[in-house]
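Below is one structure, written out as structure tokens, with a few remarks after it.
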2 protein chains.
Amino acid sequence: MRRIMLIVAYDGTKYCGWQIQPNAVTVEEVLNRELSRLLKEEITVIGASRTDSGVHAMGNVAVFDTSTRIPAEKLCYALNHSLPEDIVIQKSFEVAPDFHPRKWDSKKTYEYNIWNADFVQPFNRGYTHFVYHTLDVEAMQKAARYFLGEHDFTSFCSTKAQVPDHVRTIYSLEIEKKGNLITLRVTGNGFLYNMVRIIAGTLLLVGEHQRKPEEIAEMIAAKNREAAGPTAPAKGLMLVKIDYFPAPERVEREFINECINEKQEEIRG
Amino acid sequence: MRRIMLIVAYDGTKYCGWQIQPNAVTVEEVLNRELSRLLKEEITVIGASRTDSGVHAMGNVAVFDTSTRIPAEKLCYALNHSLPEDIVIQKSFEVAPDFHPRKWDSKKTYEYNIWNADFVQPFNRGYTHFVYHTLDVEAMQKAARYFLGEHDFTSFCSTKAQVPDHVRTIYSLEIEKKGNLITLRVTGNGFLYNMVRIIAGTLLLVGEHQRKPEEIAEMIAAKNREAAGPTAPAKGLMLVKIDYFPAPERVEREFINECINEKQEEIRG
């Protein structure tokens, strides 16, 4: 058995998120079905980020175990042929058999995209949240700084979340305006349920002058979901990438080298 | 009666082009229907560019005559409420009653977008033509120069075209690569049927080293559709904007000032 890692991009518009659910089509379910069909064995992927209904991904990560002889790097080509056009594997490669996409240390980067104009743009309408009122980007940038570092993010976590520990670290949170497009780009060691969307919804209040940048500190300190702003719509959110430490590609190479060394020692006796 | 100009953006994916056709949904038909419903009078728009099935527009132009008292600048807000989400009016304003979007001198700008990567990108899959082979952008840029200026573009015109005069002027044709996205941006005084898509299809052959940049001169000289490359797919094409000379906004203001002057003279007796 080998463990294969997939870098998965998807347009989340038509999916009820990543995780398998009864009576709803999810990305995980489609991957399991198409991988099982392609490899003629029962495949169950393990996903890194269980994105919500309607959320997009450029680089979500999944792994699975297989006994196939198809070279790992070629698997994505075969798989993309049978996948629907809104799910595209960007890369596939072998990793160490103990690599787990949720348990290994990682840095996740999300983007939240806002179209701030008089009218919707028909071409990015599925990937941006449309806001009519002109947003004060400078105020939003000022507010963003309060999120940096290690905090208890209870105020920025859905009350439906079940994890007990709400302490997370945000390494960077940048807000950039290019024409009518405002992009929030956030990197952290992990995010709670709805956390990025609540941060985006809160920064939108600041951009509309309904809240002051300084109030973010109080909101975090409150450790109460009601202190923060609303959850911004799913379609503006995109999981950009997940960086692992150490990188599983490197681990894979080291692991394979180790195996080769072992094999060679066996041969030498 | 006043003549109103609309700047129309649309995602052409689901439409059989601009122009009304039996048994097919077109942008023109949707505009006529929704304008007539909104203004409670029979409205017939005149479009500037009759884009093909599947082609997109950021700034196509349409005009229509109406006796409504709704201020011209407010019309787009009312209209966008009832239009489907893939057609969005970006602006509406009054123009001189003799302004005609196809007969006035204009400069049109189109973009042809190519996604040049190992795999499709799920987010722009509807607005780019996917090309797997790495394209030689420098060769394409070299080839692009041969299109500049006034030429008989018979070789770059669909044989189905019915206009007798095939002479057009291309003012600029730039090719830019940003990451995996290659954009051809072309401005001219007018384009023949399928002309931008045939130019794109021919430049793709150059980018794949199937034709040399210098051969473009011979292709143009041949005045024969078979001399040029294939017609690139519709979904990569976008009508970006149409610039009129003089600008109808300016004409409108001058015209209205004239009317006001006349009125004032009448009042003065």
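Sort out which residues of segment B:96-149 are among the charged types (D, E, K, R), away from every other protein chain (no Cβ under 14 Å) and over 30 Å from B:VAL63 (Cβ atoms), and write them in order of number.
We begin by selecting, within segment B:96-149, every residue among the charged types (D, E, K, R); these are B:98, B:102-103, B:105, B:107-108, B:111, B:118, B:125, B:136, B:138, B:142, B:145.
Restricting the remaining residues to those that are away from every other protein chain (no Cβ under 14 Å) gives B:98, B:102-103, B:105, B:107-108, B:136, B:138, B:142, B:145.
Matches in segment B:96-149: B:ASP136, B:GLU138, B:LYS142, B:ARG145.
Of the residues in segment B:1-32, how many are assigned to a strand (DSSP E or B), more than 22 Å from B:LYS107 (Cβ to Cβ) and touching a Lys or Arg at 6+ places or on another chain (Cβ under 9 Å)?
0
Out of curiosity, is B:ALA200 of a type in the set (Gly, Ala, Ser) and surrounded by 24 or more Cβ atoms within 10 Å (Cβ to Cβ)? So that I can check it myself, show each step before the final result.
On the way: of a type in the set (Gly, Ala, Ser): yes; surrounded by 24 or more Cβ atoms within 10 Å (Cβ to Cβ): yes.
Spelling it out, B:ALA200 is indeed of a type in the set (Gly, Ala, Ser) and surrounded by 24 or more Cβ atoms within 10 Å (Cβ to Cβ).
Would segment A:137-157 turn up any residue that is in a loop (DSSP other than H, G, I, E, B), within 18 Å of A:ALA222 (Cα to Cα) and more than 17 Å from the chain's Cα centre (by Cα)? Can you show your working first?
Residues of segment A:137-157 in a loop (DSSP other than H, G, I, E, B): A:148, A:153, A:157.
Adding the requirement that they be within 18 Å of A:ALA222 (Cα to Cα) leaves A:148, A:153, A:157.
Adding the requirement that they be more than 17 Å from the chain's Cα centre (by Cα) leaves A:148, A:153.
The answer is yes; a qualifying residue exists.
When you scan segment B:164-175, do you find a residue that is part of a strand (DSSP E or B) and touching a residue at least 40 places away in the same chain (Cβ under 8 Å), even just one?
So the first thing to find is which residues in segment B:164-175 are part of a strand (DSSP E or B), and the list is B:167-175.
Those left that are additionally touching a residue at least 40 places away in the same chain (Cβ under 8 Å): B:171.
Yes: segment B:164-175 contains one or more residues that are part of a strand (DSSP E or B) and touching a residue at least 40 places away in the same chain (Cβ under 8 Å).
Filter segment B:123-136 down to the residues that are part of a loop (DSSP other than H, G, I, E, B), hydrophobic (A, V, I, L, M, F, W, C) and under 22 Å from B:ILE216 (Cα atoms) and list them by number. Show your work before the answer.
Keep residues of segment B:123-136 that are part of a loop (DSSP other than H, G, I, E, B), which gives B:123-128, B:132-136.
Checking the rest, the ones that are also hydrophobic (A, V, I, L, M, F, W, C) come to B:123, B:135.
Across segment B:123-136, the qualifying residue is only B:LEU135.
Quick one: A:PRO71 ticks every box in (1) within 12 Å of chain B (Cβ to nearest Cβ); (2) over 30 Å from A:HIS133 (Cβ atoms); (3) not charged (D, E, K, R) bar one, so which box is it?
(1) is the only condition that A:PRO71 fails.
Condition first: touching a strand residue (DSSP E or B) at 6+ places or on another chain (Cβ under 9 Å), loosely packed, with under 15 Cβ neighbours inside 10 Å and farther than 26 Å from B:ASP11 by Cβ. Can you find one or more residues in segment B:90-99 that meet it?
Initially, segment B:90-99 is screened for residues touching a strand residue (DSSP E or B) at 6+ places or on another chain (Cβ under 9 Å), giving B:90-99.
This time we only want the ones that are loosely packed, with under 15 Cβ neighbours inside 10 Å, so: B:97-98.
Filter once more, keeping what is farther than 26 Å from B:ASP11 by Cβ: B:97-98.
Yes, some residue in segment B:90-99 is touching a strand residue (DSSP E or B) at 6+ places or on another chain (Cβ under 9 Å), loosely packed, with under 15 Cβ neighbours inside 10 Å and farther than 26 Å from B:ASP11 by Cβ.
Suppose the filter is touching a residue at least 12 places away in the same chain (Cβ under 8 Å), in contact with a strand residue (DSSP E or B) (Cβ under 7 Å, 6 or more places away or on another chain) and under 20 Å from A:VAL25 (Cα atoms); does A:ALA72 pass it? I'd like the intermediate steps shown before the answer.
On the way: touching a residue at least 12 places away in the same chain (Cβ under 8 Å): yes; in contact with a strand residue (DSSP E or B) (Cβ under 7 Å, 6 or more places away or on another chain): yes; under 20 Å from A:VAL25 (Cα atoms): no.
The answer is no for A:ALA72.
Among the residues of segment B:40-68, write down those that are within 14 Å of another protein chain (Cβ to nearest Cβ) and either on the phi < 0 side of the Ramachandran plot or more than 22 Å from the chain's Cα centre (by Cα) (or both). Walk me through it before giving the result.
Of all residues in segment B:40-68, those within 14 Å of another protein chain (Cβ to nearest Cβ) come to B:51, B:54-60.
Hits for segment B:40-68 are B:THR51, B:VAL55, B:HIS56, B:ALA57, B:MET58, B:GLY59, B:ASN60.
Name the residue, out of A:GLU218, A:GLU254, A:GLU265, A:GLU258, that is more than 25 Å from the chain's Cα centre (by Cα), at pLDDT 95 or above and not in a loop (DSSP other than H, G, I, E, B).
Working: A:GLU254 fails: at pLDDT 95 or above; A:GLU265 fails: at pLDDT 95 or above; A:GLU258 fails: at pLDDT 95 or above.
Being more than 25 Å from the chain's Cα centre (by Cα), at pLDDT 95 or above and not in a loop (DSSP other than H, G, I, E, B) holds for just one of A:GLU218, A:GLU254, A:GLU265, A:GLU258, which is A:GLU218.
Pick from segment B:80-95 the residues that are of a type in the set (D, E, K, R) and under 18 Å from B:THR66 (Cβ atoms): which of them is nearest to the other protein chains (Cβ to nearest Cβ)?
The selected residue is B:LYS91.
For segment B:1-19, name all the residues that are crowded, with 18+ Cβ neighbours inside 10 Å and β-branched (Val, Ile, Thr).
Within segment B:1-19, the subset crowded, with 18+ Cβ neighbours inside 10 Å is B:3-12, B:15, B:17-18.
Correct list: B:ILE4, B:ILE7, B:VAL8.
Can you name the residue in segment A:20-39 that is crowded, with 21+ Cβ neighbours inside 10 Å and over 26 Å from A:ASN113 (Cα atoms) and is also nearest to the other protein chains (Cβ to nearest Cβ) among such residues?
A:LEU31
Of all residues in segment B:103-118 being closer than 30 Å to A:SER92 by Cα and crowded, with 18+ Cβ neighbours inside 10 Å, which is farthest from the chain's Cα centre (by Cα)?
So in segment B:103-118, the residues closer than 30 Å to A:SER92 by Cα come out as B:113-118.
Okay, now just the ones that are also crowded, with 18+ Cβ neighbours inside 10 Å, so B:113-116.
Numbers: B:ASN113: 14, B:ILE114: 18, B:TRP115: 21, B:ASN116: 24 Å.
Within segment B:103-118, the match that is farthest from the chain's Cα centre (by Cα) is B:ASN116.
List the pairs whose first member sits in segment A:102-116 and is aliphatic (A, V, I, L, M), whose second member is assigned to a loop (DSSP other than H, G, I, E, B), and whose Cβ atoms are under 8 Å apart, counting only residues at least 6 apart or on separate chains?
Within 8 Å, the pairs are A:ILE114/A:THR128; A:ILE114/A:LEU135.
The values are calculated or read from the model by the stated rules, or taken from the named source; none is laboratory data. Note that the structure is predicted; figures quoted are calculated from it, not measured. Note that each Cβ is placed from the backbone with ideal geometry, even for glycine, and that neighbours are counted across all protein chains shown.
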